[in-house]
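These notes concern the structure reproduced below.
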Amino acid sequence: MTTPTYLGDTMQINRRSFLKLTGISLAALPFASSLFSPPPARAADLPMAKETDPMPKSLKYCSNAKKPTAHCADRKKKEKADQFCHNCQLFTKLDDKKGKCMLITGAAVAYDGWCNSWVKKPGT
Ligand code: SF4
């Protein structure tokens, strides 16, 4: 271990000694910033996705598949009648009204929502 050099009352310390003394390695520096970042928002606090948001809009997402609007007219087809976010493989339930979708980040999707990327959840 390199010991700091003392010059009278002044302690001279180089960068390597500083890092050793503080326990910080150069490899850890990129991750050190995460210690000072605010924590990510809680999933339960996510805002609800809007049909007009860019990603939901591109997926023709509708927030209430029981009453599909013209925006998600495909959902009106008979063969899609049982398709909802809550039985989609890309859905993770947050509570009885909403969940997270792997395709729509930064917002929650409605439990009874739907989009044209629906994938049947195994076992449902
Ligand atoms: Fe809902 Fe699945 Fe579409 Fe995501 S991919 S919006 S969970 S139907």
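The values are calculated or read from the model by the stated rules, or taken from the named source; none is laboratory data. What you see is a predicted model; the values in this text were computed from it and never measured. Cβ coordinates were reconstructed from backbone atoms using ideal geometry, including for glycine residues, and neighbour counts include every protein chain displayed.
Please indicate, with yes or no, whether at least one residue in region 64-73 is of a type in the set (S, T, N, Q) and over 17 Å from Met48 (Cβ atoms). Show your work before the answer.
First pass over region 64-73, keeping only residues of a type in the set (S, T, N, Q): 64, 69.
Within this subset, residues satisfying the condition of being over 17 Å from Met48 (Cβ atoms) are none.
Scanning region 64-73, I find no residue that is of a type in the set (S, T, N, Q) and over 17 Å from Met48 (Cβ atoms), so the answer is no.
Sort through Pro56, Pro40, Pro122 and tell me the only one that's at pLDDT below 95 and within 14 Å of the ligand (Cβ to nearest atom).
Working: Pro56 fails: at pLDDT below 95; Pro40 fails: within 14 Å of the ligand (Cβ to nearest atom).
One residue alone meets the criteria, Pro122.
Looking for something on the phi < 0 side of the Ramachandran plot, crowded, with 16+ Cβ neighbours inside 10 Å, more than 7 Å from the ligand (Cβ to nearest atom) and touching a residue at least 24 places away in the same chain (Cβ under 8 Å) - is there at least one such residue anywhere in region 88-96?
Let us first name the residues in region 88-96 that are on the phi < 0 side of the Ramachandran plot, namely 88-96.
Subsequent filtering for residues that are crowded, with 16+ Cβ neighbours inside 10 Å retains 88, 90-91, 94.
Now drop any that are not more than 7 Å from the ligand (Cβ to nearest atom), which leaves 94.
Of the ones still in play, those that are also touching a residue at least 24 places away in the same chain (Cβ under 8 Å) are 94.
Within region 88-96 (the criterion being on the phi < 0 side of the Ramachandran plot, crowded, with 16+ Cβ neighbours inside 10 Å, more than 7 Å from the ligand (Cβ to nearest atom) and touching a residue at least 24 places away in the same chain (Cβ under 8 Å)), the answer is yes, since at least one residue qualifies.
Does region 103-113 include one or more residues that are out of contact with any helix residue (DSSP H, G or I) (no Cβ under 8 Å at 6 or more places or on another chain), at pLDDT 95 or above and surrounded by fewer than 17 Cβ atoms within 10 Å (Cβ to Cβ)? Full working, then the answer.
The first filter runs over region 103-113 and keeps only residues out of contact with any helix residue (DSSP H, G or I) (no Cβ under 8 Å at 6 or more places or on another chain), leaving 106.
Filter again for at pLDDT 95 or above, leaving none.
Within region 103-113 (the criterion being out of contact with any helix residue (DSSP H, G or I) (no Cβ under 8 Å at 6 or more places or on another chain), at pLDDT 95 or above and surrounded by fewer than 17 Cβ atoms within 10 Å (Cβ to Cβ)), the answer is no, since none of the residues qualifies.
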